[in-house]
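Participant: Quick one: the structure is below, and I'll ask about it shortly.
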Amino acid sequence: MGTSTSSKGPGSGVSLDPPWLDDVVGGIGGGGAVPPKDGNAAPPLAVPAGTAPPNRYGDARRAFGKFAKTGNTQQLRDAIGHYTRRGSGGASAAASRMRASTSAGAALFSFLNTVSQGATAEARKWVDDLRATNLSAEDVVDAIVRELAPPGGSADEDSLRDSMDLALSELINDDPAIDPLSMGVDNIWELMKGYLAIEAGNRLCFDLGPIFENSLLDPRTAVQREKEMRRFLKNEIGAHVDLLRGTVANPSRSQLDGILQEALKMTFELFEADL
């Protein structure tokens with residue numbers, strides 16, 4: 001769902017909020033061997049009504065194309081601001097549109113916290129069975145993603161699976177001492193920043209279409225731009241995650257979902273204000 005997608009993105013005249021999205025949200029994290037301690041998702045911030053306007057992404061595509069060519073992050077800020085304000089119905093609606101992403105992130109956080117603490121008999125058995133197979137770190141990451149991700153094949157489901165996998169892999173590559181089955185809470189919060197950045201980048205690229213490819217960048221530059229985009233998004237979203245994470249002691253899965261949604265909303269509001 002990232003820069004390699006051939007999608008041209010959704011057009012005008014379609015619902016701003018896909019009716020099938022809540023089916024995706026409902027399938028996250030509930031069918032594995034380790035039942036969630038709190039299976040309730042946070043209510044969406046705002047569900048946009050009506051249909052998308054004509055040329056909803058025109059300004060966003062132009063700004064994103066400039067970023068692709070120059071690497072100027074101000075153009076990326078502008079692209080996201082236009083994308084959320086006109087293309088998605090505003091910051092709250094854009095964050096709500098990503099509720100499958102935040103629900104999956106909250107499920108991942110809760111799952112990793114549960115298995116690292118051995119908080120339930122099911123979690124302890126799952127970890128013991130996995131360790132007995134002497135898997136590599138990459139195989140453990142795959143097992144975690146399989147445990148949480150829904151089995152469907154929509155673009156949102158494909159994206160969140162890839163984002164979980166990539167965020168976990170990058171965190172472990174950056175610090176090989178991290179054990180994905182025994183992670184401290186600070187490492188899990190850091191994982192959330194990377195995961196949300198990948199998901200936001202995927203959403204942007206999928207909806208705006210293959211702009212990196214259409215900008216005629218050489219493959220090395222295209223990869224570099226994608227990394228720059230993710231790094232920028234991680235810094236911006238991560239600042240709001242850090243601001244919000246201390247507002248609730250020992251947050252439930254539902255509260256985690258709300259924190260992640262609010263972090264996205266605050267980030268999108270900031271970009272809109274810059275326009």
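Participant: How do Met183, Met266 rank when sorted from fewest to most other Cβ atoms within 10 Å of their own Cβ?
Facilitator: Met266, Met183
Participant: Across segment 123-268, how many lysine pairs separated by 8 or more positions, or lying on different chains, have Cα atoms within less than 21 Å?
Facilitator: Lysine pairs meeting the criterion: 4.
Participant: Please say if segment 115-164 is rounded, prolate or oblate, where rounded means a/c under 1.5 for a ≥ b ≥ c the square roots of the C-alpha gyration tensor eigenvalues, and otherwise the choice is prolate for a/b larger than b/c and oblate otherwise?
Facilitator: prolate
Participant: Running Debye on segment 161-236 with equal point scatterers at the Cα sites and no solvent, what base-10 log of I(q)/I(0) appears at q = 0.13, 0.14 Å⁻¹?
Facilitator: -0.44, -0.50
Participant: What's the percent breakdown of Cα-Cα distances in segment 205-275 across 5 Å bins, shortest bin first?
Facilitator: 3, 14, 17, 18, 16, 13, 10, 5, 3, 1
Participant: May I ask you to evaluate 6.51 cos²θ - 1.76 cosθ + 1.60, the Karplus curve with θ = phi - 60°, for each residue of segment 135-140 and list the ³J(HN,Hα) values in order in whole Hz, giving x for glycine and proline?
Facilitator: Taking θ as phi minus 60°, the curve returns 6, 6, 4, 5, 5, 5 Hz for segment 135-140.
Participant: Now for a separate question. If R₀ is 41 angstrom, what is the calculated FRET efficiency for the pair Thr120 and Thr221, using the beta carbon separation as r and rounding to 0.05?
Facilitator: For R0 = 41 Å, the calculated efficiency reads 0.30.
Participant: Once fully extended, how much extra length lies between Leu275 and Gln74, figured as 0.36 nm per residue of separation less the alpha-carbon to alpha-carbon distance?
Facilitator: 71.3 nm
Participant: In addition: Please state the charge dipole magnitude for segment 41-148, taken about the Cα centre, from unit charges on C-beta atoms (+1 on K and R, -1 on D and E), reported in debye and rounded to the nearest 20.
Facilitator: Using only the charged Cβ atoms, the result is roughly 840 debye.
Participant: I'd like the projected area of segment 73-143, averaged over all directions, using the convex hull of its alpha carbons. Report it in nm² with one decimal.
Facilitator: Taking the Cα atoms of segment 73-143, their convex hull projects to 7.1 nm² on average.
Participant: So, one more: Report ³J(HN,Hα) in whole Hz for each residue of segment 225-242, in order, from the Karplus equation J = 6.51 cos²θ - 1.76 cosθ + 1.60 where θ = phi - 60°; Gly and Pro get x.
Facilitator: Result, ordered by residue: 5, 4, 5, 4, 4, 5, 5, 4, 5, 4, 5, 6, 5, x, 4, 7, 4, 4 Hz.
Participant: Classify segment 109-245 from the C-alpha gyration tensor, please: rounded if a/c falls under 1.5, else prolate or oblate depending on whether a/b exceeds b/c.
Facilitator: The shape class here is prolate.
Participant: Between Asn250 and Thr51, what is 0.36 nm times their sequence separation minus the Cα-Cα distance? Round to one decimal in nm.
Facilitator: 67.8 nm
Participant: Each residue of segment 205-210 in order: what ³J(HN,Hα) in whole Hz does its phi give by Karplus 6.51 cos²θ - 1.76 cosθ + 1.60, θ = phi - 60°, with x for Gly and Pro?
Facilitator: Calculated HN-Hα couplings, in order: 5, 5, 6, 7, x, x Hz.
Participant: Find how many whole Å separate the alpha carbon centroid of segment 187-260 from the alpha carbon centroid of segment 45-123.
Facilitator: So the two Cα centres are separated by 8 Å.
Read-outs: derived from the displayed coordinates by stated rules, not from any lab. None of these values were measured; they are calculated from a predicted model. Because the Cβ atoms are built from the backbone with ideal geometry, glycine has one as well, and the counts that use them run over all protein chains shown.
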